[in-house]
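> Take a look at this one; I'll ask things after.
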Amino acid sequence: MPKVEIHGQSSLAYRERGDGPPVVLVHGFPFSSALWEPQLVGLSDRFRVIAPDLRGFGESDLADGPYGMDVHADDLAALLDALGLERVVLGGLSMGGYVAFEFVRRHRDRLRGLILADTRAEPDTAEGRANRRRMARTALEEGTDPVIEPMVPKLLSPETREARPEVEERLLEIMRSARPEAIAAALEGMAGRADSRDLLPRIEVPTLVIGGADDAITPAADLRAMAEAIPDVRLELLAGAGHVSNLEAPERFNAAVRDFLDEVR
Ligand code: MLT
């Protein structure tokens, strides 16, 4: 995988495929750029699809935590600099969406459009934060399995789990490759993320809100409410898909993204 040096100190790995208008896709927790395989394949006939490994994940260097969303957003801006890209469509799934909100705050002039997939603008509750910190300690003390295993039933829809066991296998494979230090640093970072609800009406670029209609983590009603707060938006809810809608319904996800990218061009 290609790598770029960022901030003169560590390197960030990324996958890239295709030519055309650039779209940068940011993975969720605790995944890697491997999450976007169906989009790297399915959209690269007409678009330049770039999927970074966030710091600590995939083949990117492990850096000291916590991995705040601001840190990831600045890493992405450094990646765009290194690739000579002025403005892009930025997409993020779940934690990738939290990163995208911070990118809007810090680097809005570099955006052509935004894709918010299975994500939310709300910060964690106090209980959610405490739980993340407990899980971060567990990852460091006991390894990543006790963090990862309980997540699986919530990540995928019942339909995906029943009909397409290979999706669960692949997701587990990606999650098991995550290092405990990265999991802990990302959990701490997500616990400290900002409330982005005020930002929604101030998003100035065309935005696609997309997600699984059966998402148990960021439910369809929440995706709809988020979309209603964004001025220039389209909403796509994918029937039968859960929280990892890009893997669970890749053809319909790609069709919606393709329509959106054509509009933004
Ligand atoms: C993700 O998929 O990135 C996580 O579900 C985000 C979270 O834990 O809030």
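The values are calculated or read from the model by the stated rules, or taken from the named source; none is laboratory data. Bear in mind that the values here come from a model prediction, so they are computed numbers and not experimental data. A quick note on method: Cβ atoms are made from the backbone with ideal geometry, for glycine too, and the neighbour counts reach across all protein chains shown. Heads up: the accessible areas ignore ligands, DNA and RNA and are worked out on the full protein's heavy atoms, side chains in. Shrake-Rupley method; radii C 1.70, N 1.55, O 1.52, S 1.80 Å.
> Please pick out the residue among VAL209, VAL264, VAL233 that is away from the ligand (no atom under 16 Å from the Cβ) and in contact (Cβ under 8 Å) with a residue 60 or more places away in the chain.
Matching residue, one of VAL209, VAL264, VAL233: VAL264.
> Shifting gears a bit: Report those helices (runs of 4 or more DSSP H) wholly inside segment 119-179 carrying at least 1 residues which are small (Gly, Ala, Ser) and open to solvent by 50 Å² or more (accessible area, probe 1.4 Å). Reasoning before the result, please.
Details: elements: 126-142, 145-148, 152-155, 158-163, 165-176.
Ranges flagged: 126-142, 158-163.
> Also: Going by what's in this entry, would LEU171 be described as within 12 Å of the ligand (Cβ to nearest atom) and within 20 Å of ALA51 (Cα to Cα)?
Here the answer is yes, as LEU171 does meet what is asked.
> Given the conditions (1) out of contact with any Leu (no Cβ under 8 Å at 6 or more places or on another chain); (2) surrounded by fewer than 21 Cβ atoms within 10 Å (Cβ to Cβ); (3) assigned to a helix (DSSP H, G or I), report the number of the one that TYR98 does not fulfil.
Of the numbered conditions (1) out of contact with any Leu (no Cβ under 8 Å at 6 or more places or on another chain); (2) surrounded by fewer than 21 Cβ atoms within 10 Å (Cβ to Cβ); (3) assigned to a helix (DSSP H, G or I), the odd one out for TYR98 is (2).
> Being closer than 30 Å to LEU140 by Cβ and either out of contact with any helix residue (DSSP H, G or I) (no Cβ under 8 Å at 6 or more places or on another chain) or not aliphatic (A, V, I, L, M) (or both) narrows it down to one residue among GLU236, GLU251, GLU168, GLU204; which is it? Before you say what the answer is, go through the steps one by one.
Details: GLU236 fails: closer than 30 Å to LEU140 by Cβ; GLU251 fails: closer than 30 Å to LEU140 by Cβ; GLU204 fails: closer than 30 Å to LEU140 by Cβ.
Going through GLU236, GLU251, GLU168, GLU204 in turn, just one is closer than 30 Å to LEU140 by Cβ and either out of contact with any helix residue (DSSP H, G or I) (no Cβ under 8 Å at 6 or more places or on another chain) or not aliphatic (A, V, I, L, M) (or both): GLU168.
> Same structure again: Suppose the filter is assigned to a strand (DSSP E or B), surrounded by 24 or more Cβ atoms within 10 Å (Cβ to Cβ) and of a type in the set (A, V, I, L, M, F, W, C); does LEU54 pass it?
no
> Within segment 75-88, does at least one residue satisfy the condition of being within 16 Å of the ligand (Cβ to nearest atom), under 21 Å from MET151 (Cβ atoms) and either modelled with pLDDT under 95 or surrounded by 24 or more Cβ atoms within 10 Å (Cβ to Cβ) (or both)?
No, the conditions are met nowhere in segment 75-88.
> Let me ask another. Take the conditions crowded, with 19+ Cβ neighbours inside 10 Å and more than 30 Å from ALA126 (Cβ to Cβ) and apply them to PRO206. Does it pass?
So PRO206 passes the test.
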